[in-house]
Amino acid sequence: MATFDIDGDLIRKLAGLLDETGLTEIEFAEGEKRIRVTKGSPAIAYAPAPALPAAALAAGEAAAPAPAVSASHPGAVTSPMVGTAYVAPEPGSPPFARVGDKVKAGQTILIIEAMKVMNPIKAPVSGTVVSVHVEDAQPVEYGEVLMVIE
């Protein structure tokens, strides 16, 4: 088995892969040697604000931010992988599920693209979508809250 030297060039190449792929962490191992390169990200949780009714927008009211939801919330649907979330089957199509929609257990509610594979994310329970925490083509991390179904 070939060995590698831990040098600045290898670390720069791995860091470049992080930028190219949008990942936040990459690890390379050979034998007992291991390199892990991580990209620091601010510890700020955010979610898109829910849409206001047209009457409220016409009145000039500001949108209130969506409350942060913990992954331990009983209705939270979390990302099972790192990838890119898509809320619709193709660009320009209506979303799989919107706030207020009733969904059935097993129904596709999102797609996450990971390593060029489109993975359907299915509703774990039947209920009503109370919040959507991702936008179309948004990168997502493992365990990140995608939707809440109650």
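If I filter region 1-27 down to residues being open to solvent by 80 Å² or more (accessible area, probe 1.4 Å), modelled with pLDDT of 60 or more and over 22 Å from the mean Cα position of the chain (by Cα), which single residue comes out as nearest to M81 (Cα to Cα)?
Top of the filtered list is K13.
Hey, which of the strands (runs of 3 or more DSSP E) in region 81-131, taking only ones fully inside, have at least 1 residues that are in contact with a Phe, Trp or Tyr (Cβ under 7 Å, 6 or more places away or on another chain) and in contact (Cβ under 8 Å) with a residue 12 or more places away in the chain? Write out each step before concluding.
Details: elements: 83-86, 108-114, 117-122.
Output list reads 108-114.
Residues checked against (1) open to solvent by 40 Å² or more (accessible area, probe 1.4 Å); (2) within 14 Å of the chain's Cα centre (by Cα); (3) within 27 Å of T24 (Cα to Cα); (4) modelled with pLDDT of 95 or more:
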position	(1), (2), (3), (4)
M81	yes, yes, yes, no
V87	no, yes, yes, no
E90	yes, no, yes, no
R98	yes, no, no, no
V129	no, no, no, no
E135	yes, yes, yes, no
Y142	yes, yes, yes, no
L146	no, yes, yes, no
I149	no, no, no, no
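The values are calculated or read from the model by the stated rules, or taken from the named source; none is laboratory data. Keep in mind the model is a prediction, meaning the values are calculated, not measured. Cβ: placed from backbone, ideal geometry, glycine included. Neighbour counts: every protein chain shown. Only protein heavy atoms, including side chains, enter the accessible area calculation; ligands, DNA and RNA are left aside. Shrake-Rupley method; radii C 1.70, N 1.55, O 1.52, S 1.80 Å.
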